[in-house]
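The values are calculated or read from the model by the stated rules, or taken from the named source; none is laboratory data. Everything quoted here is computed from the prediction, not taken from an experiment. Neighbour counts are summed over all protein chains in view; Cβ atoms, including those assigned to glycine, are modelled from backbone coordinates with ideal geometry.
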Amino acid sequence: MNGFEQELEAFARVAIRTGVNLQKGQGLVISAPPEASHFVHLITEEAYTAGAKDVHLEWSDEETLRLRLKYAPLDALKQVPAWKFYAQNESVKDKYAVLSIYGPNPDLLEEVDGARTAAYMASIGKGATPFREYIMNNRIQWSIVAYPTIAWAKKVFPGKPAGAAQELLMKEILRVSRVTGNTDPVAAWADHNRKLHEAKDFMNEQKFRSLIYQAAGTDLTIDLPDGHIWCGGSEPSEAGVPFNANIPTEEVFTLPDKRGVNGTVSGTMPLNYNGQVIDRFSLTFKDGAVAEFKAEKGEEVLSHLLDTDEGSRRLGEVALVPHHSPVSESGLIFYNTLFDENASCHLALGKAYPTCIEGGSGLDEDGLDRAGVNSSIAHVDFMVGSAHLNIDGVKQDGTKIPVFRNGAWVLDF
Ligand code: ZN
Ligand code: ZN
């Protein structure tokens, strides 16, 4: 892709300085699709300029994955050998930062049997448990940035020739990642982080007992556990280095009480799960667990997702995003959670971030369960926001405060 050289250099700077905020002497693991090789080279150069001691690259090739899921014996999908996870699990223990360059084909696994995909994902989830513990607890800096692969771009811009679609998507990624239109994107991110920190501080001061969501097809009460923490914008790693896990990010989020979700919520955007699309769906919760569900498209995929394990029927994340974010203003459906979740208020089925509750990083599985923190090998975001969503916060004394009206923060952050 030509014509984006300067912006790509600036984007590489954002990835290294704002995303992982790589420190002098630190190692970096990059995973990336082969199509992004030029961007990887720019990032690698920026990493060494920032003082990296080592940049380790893992290509993540989707076609190989698709072929594995289509042809490999089911037993092999269920039992991925332990040695495959060695580098991943050891690199984080060695304090390497982790940067994912991400541009998945939303339809990659359309033709693949959902049960085979689910079996493989469960096995991968288990094998990479130490790695995920580091990431989910922010023990090291990690970040995800996007790259417009052709398959993804064609999904977002159907009917356009491959090259044109890729350029259009590149432009959108650069804009919502705050690269375009800023002479100093790293400074623009510092400013954006300040605003997100103000919003999360407000929510933390309120110490809400629960949130009530109301919109067409949605009437949902979510209890928040004692000691819950709202997060948003940059967060510190275990060593105190601030980093941005997602580029872009517009959300302020916490975790729900895994037993305290009641009522019905309707998805407002298609959900891409493991290369398959679930659309026009609703979930009805009773005491935290999904008791009923419906989907006009991908109902079977949704059913597999809910059956992943005991925690995949419960919520692990509550995230607030104004309806007028740069992502939603694009008017596009990206078929990619990194973007779509930043267009909209969302919830996630599955694992909660233990960092969203006081002392959470130090709790074992039993302690987390008692505190109401959900556990699962799944963590799947789905969008519930719209221009019509209202959210009230219920304080400890029962008084209600409007938090969101017509899809926007009541207070101006
Ligand atoms: Zn989120
Ligand atoms: Zn999430």
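Listing for the model above:
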quantity	calculated
Out of Gly181, Gly233, Gly227, sole residue that is on the phi > 0 side of the Ramachandran plot, modelled with pLDDT under 95, touching a helix residue (DSSP H, G or I) at 6+ places or on another chain (Cβ under 9 Å) and not basic (Lys, Arg)	Gly181
From the options Asp364, Asp340, Asp369, residue that is charged (D, E, K, R), within 14 Å of ligand 2 (Cβ to nearest atom), farther than 22 Å from Phe202 by Cβ and out of contact with any Leu (no Cβ under 8 Å at 6 or more places or on another chain)	Asp340
Any hit, segment 359-369, residues being within 16 Å of ligand 1 (Cβ to nearest atom) and either assigned to a strand (DSSP E or B) or not assigned by TED's automatic domain parsing to the domain that holds Thr117 (or both)	no
Failed item, numbered, when Leu389 is tested on (1) within 27 Å of Ala122 (Cβ to Cβ); (2) out of contact with any helix residue (DSSP H, G or I) (no Cβ under 6 Å at 6 or more places or on another chain)	(1)
Residue within segment 343-359 that is away from ligand 2 (no atom under 16 Å from the Cβ) and either in contact (Cβ under 8 Å) with a residue 24 or more places away in the chain or crowded, with 16+ Cβ neighbours inside 10 Å (or both) present	yes
Residue list for segment 311-355, restricted to those being among the small types (Gly, Ala, Ser) and out of contact with any Asp or Glu (no Cβ under 6 Å at 6 or more places or on another chain)	Gly311, Ser312, Gly316, Ser328, Gly331, Ala343, Ser344, Gly350, Ala352
Lone unmet requirement of (1) in contact with a helix residue (DSSP H, G or I) (Cβ under 6 Å, 6 or more places away or on another chain); (2) within 16 Å of ligand 1 (Cβ to nearest atom) for Ala295	(2)
Qualifying residue in segment 136-145 (condition: under 30 Å from Thr264 (Cα atoms), touching a residue at least 60 places away in the same chain (Cβ under 8 Å) and out of contact with any helix residue (DSSP H, G or I) (no Cβ under 6 Å at 6 or more places or on another chain))	yes
Subset of segment 315-334 (residues that are farther than 15 Å from Gly385 by Cα and within 14 Å of ligand 2 (Cβ to nearest atom))	Leu315, Gly316
Candidate set: segment 310-338, residues that are surrounded by fewer than 19 Cβ atoms within 10 Å (Cβ to Cβ) and not in a loop (DSSP other than H, G, I, E, B); chosen: the one nearest to ligand 1 (Cβ to nearest atom)	Pro326
Some residue of segment 244-256 being away from ligand 2 (no atom under 16 Å from the Cβ) and either touching a residue at least 60 places away in the same chain (Cβ under 8 Å) or of a type in the set (Asp, Glu) (or both)	no
Failed item in (1) modelled with pLDDT of 90 or more; (2) within 12 Å of ligand 1 (Cβ to nearest atom), with Glu341 passing the rest	(1)
So Gly267, is it within 30 Å of Arg175 (Cα to Cα), within 16 Å of ligand 2 (Cβ to nearest atom), under 16 Å from the mean Cα position of the chain (by Cα) and at pLDDT 95 or above	no
Any hit, segment 390-403, residues being hydrophobic (A, V, I, L, M, F, W, C), within 16 Å of ligand 2 (Cβ to nearest atom) and either at negative phi or not assigned by TED's automatic domain parsing to the domain that holds Thr284 (or both)	no
